[in-house]
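Enquirer: I am attaching a structure below and will ask some questions about it afterwards.
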Amino acid sequence: MVMSDPYHDWNLPARVARLKDLSYNLWWSWRPEARTLFKEIDRTLWAETYHNPVKLLRKCPPQRIQALLDDQSFLARYDVAVADFDRYMSASNTWFAKNQPEMKGKTIGYFSAEFGVHNSLRIYSGGLGILAGDHCKSASDLGVPLVGVGFMYPQGYVQQKISADGWQQNVYEPADWDNSPVRPVLGPSSGRMLLDIPLGRGAVKVAVWRVQVGRVPLYLMDTNVDGNSPQDREISGRLYGGDRTMRLRQEIILGIGGVRVLRALGVHPSVFHANEGHSSFMFLELAREKVSGGRTLDEALGEVAEMSVFTTHTPVAAGHDVFAEEMVAEYFSSYWPQLGVEREAFMDFARVPGEIGWNMTSLALKMAGRRNAVSRRHGRVSREMWKNLWPTRDVDEVPIAHVTNGVHLATWVQQELGAMYDRYLGCEWRDNQDDQALWSKVAAIPDEILWMQHNKNKSALLQLMRARVRARWMKGESNAAQTLAGGALLDHSALVIGFARRFAGYKRATLILKDVERLKKLLFDPWRPVQIVFAGKAHPADDGGKALIQQIYALAKDPAYGGRIAFVEDYDMHVARYLVQGVDVWLNNPLAPMEACGTSGEKAGANGVPNFSVLDGWWEEGYNGGNGWAIGEAGGRGAGPEADAADAEDIYGILERKLVPLYYDRDEFGVPRGWVKLMKESIRSVSPRYCADRMVKDYVNMLYAPKAAASR
Ligand SMILES: *Cc1c(COP(=O)(O)O)cnc(C)c1O
């Protein structure tokens, strides 16, 4: 397949030519001055392209671009942004360079099935992908030499539309790579780089795309290329689509293909990091390389362990891929001889004692020398969960550490709020996000100013919701009840509770609806009304999750709830930003201990939106008595109807007695002083400890650097 790089197909006038470079590096998405630049070129197109600068620049009428050349103010800001970009890309005095001089010239290969970097790239589904995106962005900011490896899914992840009867419709939209911030990796001759990746008895052709996230490149594999069978073209078709066989084939390409892609590119990481078990096959491939280079299997496994990091992300059983051994055998019967082992020994790489099947998490836990969970509590839960792999050890000695997840502040903190932090904390907070002392200066922000900014963020959320339902209404795609269900009647002056996440059963989205009479009293209190905004997708094959959405949607449409319950369709990074910045309080009530970490509450907290959550995941370590509310008991109440009832009782009780009264307790200027104190404590306590900079530094210090040294 001959293909050129669409990057070269178009040009801009020389004076603003660098806009193209800015548009192809997602750095712009977390740099306010660059983002504003694109937005100002054409606000309508900006909205229509869903904030995709590549598409914006390509669709923009030439006379509009021409007009920019006479706009001195634009040109001045363009020059600033370009200079800032060049400085960023070439900086040599990064945190990493200063703190890890012995790792100079090394790279870290970071493998993930999904990357949530920006909406214009639909290659993420939820928490795991956003975490990977935030990891890459902070690695870039800190100068950590990360190289990402993943998939470019031509059909992305499901988009959500809710039908009139409240049922989630799964919509897939083919990606438009020519108008996306991606570039094909070209081979030595004129066409694309194409690799043949062995898959069972045959081979699959894999093409590679490159996405630039600041200084961090992502190499994304695509099997939708000429020469592949229709079935093989589908391998990278959809994120988490297809059956078990498809899943296994995807994971073989991700793990084994991923290593081969890096080799073909001449990238030889000293550390290989598997973000969740989808990419665990890479450890086998690394061992195979070493055996074919003359090592014994034991030597090879020892060396692989030295250079490998594995992060496990969930205590939920369905989150761990287990494949039938017969199925694995079908694909690996020619592979195990290359490792010098028989079938039984090969299957043992991934078995869990006492269980049946090939377990991808077990494979990674056995092969990677450093392993971690994603919060303190999840560390305890994971050690318990996997103790059978280390039968001679006490559970506390099971070698799974933890690094609590964090969020990329420059992505998630509302822009004007960030400027307020610049003013009161000093701009140095941006380069020292994990400095707790700096954040204590939040106290100096005048209450009125913080409160006013929050209300602006809240207006922005309500406006977004109205704009969306208006667009659907005008297209004739929705009826009046759906328009109200989408939030058209929300009242800006009334408390808004936000609840947004995947609709998986353990997240208990409908817990707050348990006692509808008590709920209605809260919603319709004449002095202190309450509203709830929900958002989230169910997995496209999960009818249980869709039924929960339907239950909520039914109330949202029901006149008896007065438009005070709303559901925002198609929860994605864009909607998530407005929600975590604009609701008044962030509710999370999973069944403990199933929430490994949870990151949306961290995003809310850093925006001054207090958390109201079960003591699970990050909140078990983050709650300090003054930055929000705790639902349930420290250890959790276990599963079952009584536990649900007790947790629901907590939710209502806290709302009635503490949370709602505090929100409406205003001084003579209308400022809720007690509430604002809580907002400030939230910002102060959450931002430095749950930012992705802290997380990436922990990964470097605890998991990457020693490995890197050992693998030399
Ligand atoms: C942050 C985020 C998530 C993860 O949220 P959890 O709290 O882990 O459930 C999921 N989806 C989107 C779109 C997000 O922005």
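Enquirer: Answer with yes or no whether Gly266 is at pLDDT below 95 and more than 14 Å from Ser112 (Cβ to Cβ).
Expert: Values: at pLDDT below 95: no; more than 14 Å from Ser112 (Cβ to Cβ): yes.
No; evaluated as a whole, the condition is false for this residue.
Enquirer: Counting only residues that are away from the ligand (no atom under 16 Å from the Cβ), touching a helix residue (DSSP H, G or I) at 6+ places or on another chain (Cβ under 8 Å) and β-branched (Val, Ile, Thr), how many does region 386-422 have?
Expert: Residues that pass the stated criteria total 3.
Yes or no, residue by residue, for (1) on the phi > 0 side of the Ramachandran plot; (2) under 30 Å from the mean Cα position of the chain (by Cα); (3) surrounded by 19 or more Cβ atoms within 10 Å (Cβ to Cβ):
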position: Trp10; (1), (2), (3): no, no, no
position: Leu26; (1), (2), (3): no, yes, yes
position: Phe38; (1), (2), (3): no, yes, yes
position: Leu57; (1), (2), (3): no, yes, yes
position: Pro61; (1), (2), (3): no, no, no
position: Arg64; (1), (2), (3): no, no, no
position: Ala67; (1), (2), (3): no, no, no
position: Met89; (1), (2), (3): no, yes, no
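Enquirer: Looking at this structure, is Glu325 crowded, with 20+ Cβ neighbours inside 10 Å, within 30 Å of Val381 (Cβ to Cβ) and of a type in the set (D, E, K, R)?
Expert: Taking the combined requirement at face value, the residue does not satisfy it.
Enquirer: Check Gly562 against each of (1) on the phi < 0 side of the Ramachandran plot; (2) away from the ligand (no atom under 13 Å from the Cβ); (3) at pLDDT 95 or above and name the one condition it does not meet.
Expert: All conditions pass for Gly562, except number (1).
Enquirer: Check Gly622, Gly638, Gly608 and return the single one that is more than 15 Å from the ligand (Cβ to nearest atom), more than 29 Å from Asp491 (Cα to Cα) and in the same structural domain as Gly498 (by TED's automatic domain parsing).
Expert: Just one listed residue meets the conditions, Gly638.
Enquirer: List every residue pair whose Cβ atoms lie under 7 Å apart, where the two residues are 6 or more positions apart in sequence or sit on different chains, the first residue falls within region 595-606 and is in contact (Cβ under 8 Å) with a residue 24 or more places away in the chain, and the second residue, located anywhere, is near the ligand (Cβ under 6 Å from one of its atoms).
Expert: Sorted first by the residue in region 595-606, then by its partner, the pairs are Thr599/Gly127; Thr599/Ile130; Ser600/Arg501; Ser600/Ala576.
Enquirer: Here's a follow-up. Taking region 647-701, which residues are in contact with a strand residue (DSSP E or B) (Cβ under 9 Å, 6 or more places away or on another chain), of a type in the set (Val, Ile, Thr) and surrounded by 17 or more Cβ atoms within 10 Å (Cβ to Cβ)?
Expert: Those that are in contact with a strand residue (DSSP E or B) (Cβ under 9 Å, 6 or more places away or on another chain), of a type in the set (Val, Ile, Thr) and surrounded by 17 or more Cβ atoms within 10 Å (Cβ to Cβ): Ile651, Val660, Val686, Val696, Val700.
Enquirer: So, in region 98-122, how many residues would count as being β-branched (Val, Ile, Thr) and within 13 Å of the ligand (Cβ to nearest atom)?
Expert: Of the residues in region 98-122, 1 are β-branched (Val, Ile, Thr) and within 13 Å of the ligand (Cβ to nearest atom).
Enquirer: Among Lys557, Lys537, Lys546, which is within 16 Å of the ligand (Cβ to nearest atom), at pLDDT 95 or above and surrounded by 16 or more Cβ atoms within 10 Å (Cβ to Cβ)?
Expert: Lys537
Enquirer: Something else: Quick one: count up the residues across region 118-148 that are outside any helix (DSSP H, G or I), hydroxyl-bearing (Ser, Thr, Tyr) and closer than 19 Å to Thr107 by Cβ.
Expert: Here the count works out to 0.
Enquirer: Quickly run through region 219-260 and pick out the residues that are assigned to a helix (DSSP H, G or I), within 22 Å of the chain's Cα centre (by Cα) and of a type in the set (Asp, Glu).
Expert: Glu251
Enquirer: Does region 424-466 hold any residues that are among the charged types (D, E, K, R) and more than 25 Å from the chain's Cα centre (by Cα), and which are they? Break it down into steps so the answer makes sense when it comes.
Expert: The first filter runs over region 424-466 and keeps only residues among the charged types (D, E, K, R), leaving 428, 430-431, 434-435, 441, 447-448, 456, 458, 466.
Scanning region 424-466 gives Glu428, Lys441, Asp447, Glu448, Lys456, Arg466.
Enquirer: Please specify each residue of region 101-124 satisfying the condition of being under 22 Å from Asn179 (Cβ atoms) and not aliphatic (A, V, I, L, M).
Expert: Result: Glu114, Phe115, Gly116, His118, Asn119, Ser120, Arg122, Tyr124.
So that you can scan it fast, the table gives a plain yes or no per residue for (1) under 27 Å from the mean Cα position of the chain (by Cα); (2) assigned to a helix (DSSP H, G or I); (3) not assigned by TED's automatic domain parsing to the domain that holds Glu656; (4) not small (Gly, Ala, Ser):
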site	(1), (2), (3), (4)
Arg468	yes, yes, no, yes
Glu477	no, no, no, yes
Leu490	no, no, no, yes
Ile497	yes, no, no, yes
Ile512	yes, yes, no, yes
Lys521	no, yes, no, yes
Trp527	no, no, no, yes
Gln531	yes, no, no, yes
Phe534	yes, no, no, yes
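Enquirer: When Asp196 is evaluated against the numbered criteria (1) part of a loop (DSSP other than H, G, I, E, B); (2) under 27 Å from Tyr110 (Cα atoms); (3) not aliphatic (A, V, I, L, M), which criterion, by number, is the only one it fails?
Expert: Going through the list (1) part of a loop (DSSP other than H, G, I, E, B); (2) under 27 Å from Tyr110 (Cα atoms); (3) not aliphatic (A, V, I, L, M), Asp196 breaks only (1).
Enquirer: Residues to consider are Ala547, Ala554; find the one that is without any contact (Cβ under 8 Å) to a residue 12 or more places away in the chain, out of contact with any helix residue (DSSP H, G or I) (no Cβ under 7 Å at 6 or more places or on another chain) and not acidic (Asp, Glu).
Expert: Ala547
Enquirer: Something else about it: For region 506-563, what are the residues that are polar (S, T, N, Q) and under 30 Å from Tyr172 (Cα atoms)?
Expert: Within region 506-563, Thr510, Gln550, Gln551 meet the criteria.
Enquirer: Kindly provide the set of residues from region 485-505 that are aliphatic (A, V, I, L, M), within 22 Å of Gly545 (Cα to Cα) and in contact with a helix residue (DSSP H, G or I) (Cβ under 7 Å, 6 or more places away or on another chain), ordered by number.
Expert: First pass over region 485-505, keeping only residues aliphatic (A, V, I, L, M): 485, 488-490, 494-497, 500, 504.
Cutting the leftovers down to within 22 Å of Gly545 (Cα to Cα) gives us 485, 497, 500, 504.
If the condition is that a residue be aliphatic (A, V, I, L, M), within 22 Å of Gly545 (Cα to Cα) and in contact with a helix residue (DSSP H, G or I) (Cβ under 7 Å, 6 or more places away or on another chain), then Ala485, Ala500, Ala504 are the ones that fit.
Enquirer: In this structure, is Arg77 buried (at least 16 other Cβ atoms within 10 Å of the Cβ), in contact (Cβ under 8 Å) with a residue 40 or more places away in the chain, more than 28 Å from the chain's Cα centre (by Cα) and over 18 Å from Pro217 (Cα atoms)? Explain how you work it out, then say what you get.
Expert: Numbers: buried (at least 16 other Cβ atoms within 10 Å of the Cβ): yes; in contact (Cβ under 8 Å) with a residue 40 or more places away in the chain: yes; more than 28 Å from the chain's Cα centre (by Cα): yes; over 18 Å from Pro217 (Cα atoms): yes.
In short, yes.
Enquirer: When the residues of region 567-595 are narrowed to those that are over 24 Å from Met679 (Cα atoms) and more than 8 Å from the ligand (Cβ to nearest atom), which ends up surrounded by the most Cβ atoms within 10 Å (Cβ to Cβ)?
Expert: For region 567-595, the residue satisfying everything is Ala592.
The values are calculated or read from the model by the stated rules, or taken from the named source; none is laboratory data. From a predicted model like this one, the values you see are computed outputs, not experimental measurements. Quick reminder, even Gly has a Cβ in these numbers, built from the backbone with ideal geometry, and neighbours come from all protein chains shown.
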